[in-house]
Every structure is written in structure tokens, then in C-alpha cells.
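Structure record follows, encoded as C-alpha cells.
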Amino acid sequence: MSIQAFPHDASSQTGVSRAVYSDKSRAPGRVVVARHAETSWSIAGRHTGLTDLPLLPDGEKAARSLGRRLRGLKPALVLSSPLERALDTCRLAGYGEIAETTSLLLEMDYGDYEGLTTAEIRSRRPGWDLFIDGCPGGETIEDVGNRVDSVIERLRGDPILRGEDVILFAHGHVLRVLTSRWLGLGAAEARCFALRPAMVGILGWEHEWPVLAAWNS
């Protein structure tokens, strides 16, 4: 199903106020969150934060396919992480010329755990939980929440975006946290929103309430 087939109005951490969450008049109509396509590390399950990896050839194909699924969408704003894998996904999907990069959409900084799988980390630190323990030398999930709150505040505070579509090209964990915060949940609730490479979610509204209108589409 193409993205334009979805209607605009589908009938812990408190950095974004309840007033912002319930004021639809300040918000974009839909926010499409798009995870970058596959890299060698994403296939291997390695935590890829600030390491700047290119897309695999199959990832490039998936990014073009994503563009076909987004065809017909005319966003008022496109934001992208500045990292190559996100920017190339954006470009191959057909939005590179109008995209604005922002460091607020960088992936979580995994610090000492960069490049490691969860199994490798737990062999050193049994019971480790990203959403509780964070990453030594890097960020906590609350740090990421603070970053994405700034993105949400920008989108909901810009009158030009009222009723318009926005696309965000970024990374798995940062987009999961942004989704959680859009819904008014704590950053750690991002554990519930696994997002596959080159897949999208749609954040929207039902009446005055923020909702998740689609996921892994």
C-alpha cells in the first residue's frame, strides 16, 4: 500500500508538555519516519551509532523501492540525519534535493558498545538493557529523548507545517524514541517499536490525540 493511501486524521519523560501533545492546530498533518536501508552492520545486528557506513547494494535497491512507496507524497519539510546511510536512503528515495540535515536525528551514540552485537555486550555485562543502562562513553535513552523532543517541538510549533506532511530519514533507535515521545510516552518505551531497515512509520492524529497510524510499512 502506498503512503498516500493513509488518511491524515486516523479516526516517565516529560520534556514535551501535555499542551503541545494535545494541540493539533500547531502540528504537521502526518510525520513519516523512514529508517535507512541495510548496511553490513545492520544485517549483522551490530550497534551502528556514529560510524558512517554506506548502504549495501541491496540496501540501495530497498531505498529506491521506498521511494516508490512514498511516490505522490509532497512533503512541506524533509529532514535527514547527516550520516551517509540516511542521506543516501533519502536521495535514492527521491528527496535528496529538498532535504535539510540535522544532527538531532543522528543515531544514538553507543559509545564503548559501538560495533558490538547485543550478545557480545551481554557477554561482558550480563543483563545489559539498552533502554535502562545506556552506553558507557555514549548516550542514555533519555539523552536521545531530549534530542528528539527538540525535533517534535520544531514540527509542532511551525505554523507553515499545519496540515502538511513531513518526512524524517534517520536511524532505528532515534526514530523509535521519536515515535514514543510523539505519543507522549517515555523514551524507554521505544523498546516497543522495532523498525526494520527501509521501512516507515506514520505518526498522525485522531481528533486532538497523537497516534501511530502505520508501522513497518
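The values are calculated or read from the model by the stated rules, or taken from the named source; none is laboratory data. This is a predicted model, so every value here is computed, not measured. For neighbour counting, all protein chains shown are included, and Cβ atoms are generated from backbone atoms with ideal geometry for every residue, glycine included.
Quick notes on this structure:
- For E139, the requirement of being touching a helix residue (DSSP H, G or I) at 6+ places or on another chain (Cβ under 6 Å), of a type in the set (D, E, K, R) and modelled with pLDDT of 95 or more is not met.
- Residue within the stretch 149-160 that is crowded, with 18+ Cβ neighbours inside 10 Å and under 23 Å from G45 (Cβ atoms) present: no
- For the stretch 204-212, the count of residues that are of a type in the set (V, I, T) and part of a loop (DSSP other than H, G, I, E, B) is zero.
- Selection over the stretch 41-70 of residues that are loosely packed, with under 14 Cβ neighbours inside 10 Å and either assigned to a loop (DSSP other than H, G, I, E, B) or in contact with a Lys or Arg (Cβ under 8 Å, 6 or more places away or on another chain) (or both) gives a count of 4.
- Close pairs (8 angstrom Cβ cut-off, 6 or more residues apart or separate chains): over 22 Å from V166 (Cβ atoms) in the stretch 54-80, hydroxyl-bearing (S, T, Y) and buried (at least 16 other Cβ atoms within 10 Å of the Cβ) anywhere: P54/T39; L55/T39; L55/T89; L56/T39; G59/T39; G59/T89
- Here is the figure for the stretch 161-183: residues that are under 8 Å from the mean Cα position of the chain (by Cα), buried (at least 24 other Cβ atoms within 10 Å of the Cβ) and small (G, A, S) total 1.
- Summed over the stretch 184-208, the residues that are out of contact with any helix residue (DSSP H, G or I) (no Cβ under 8 Å at 6 or more places or on another chain) and surrounded by fewer than 16 Cβ atoms within 10 Å (Cβ to Cβ) give a count of 2.
- Matching residues, the stretch 118-143, being part of a loop (DSSP other than H, G, I, E, B) and within 20 Å of A170 (Cα to Cα): G134, C135, G138, E139, T140
- If you go through the stretch 86-140 and pick out every residue that is loosely packed, with under 14 Cβ neighbours inside 10 Å, small (G, A, S) and farther than 15 Å from R46 by Cβ, you end up with 3.
- Residue tally, condition modelled with pLDDT of 95 or more, farther than 27 Å from L55 by Cβ and among the small types (G, A, S), over the stretch 151-194: 4
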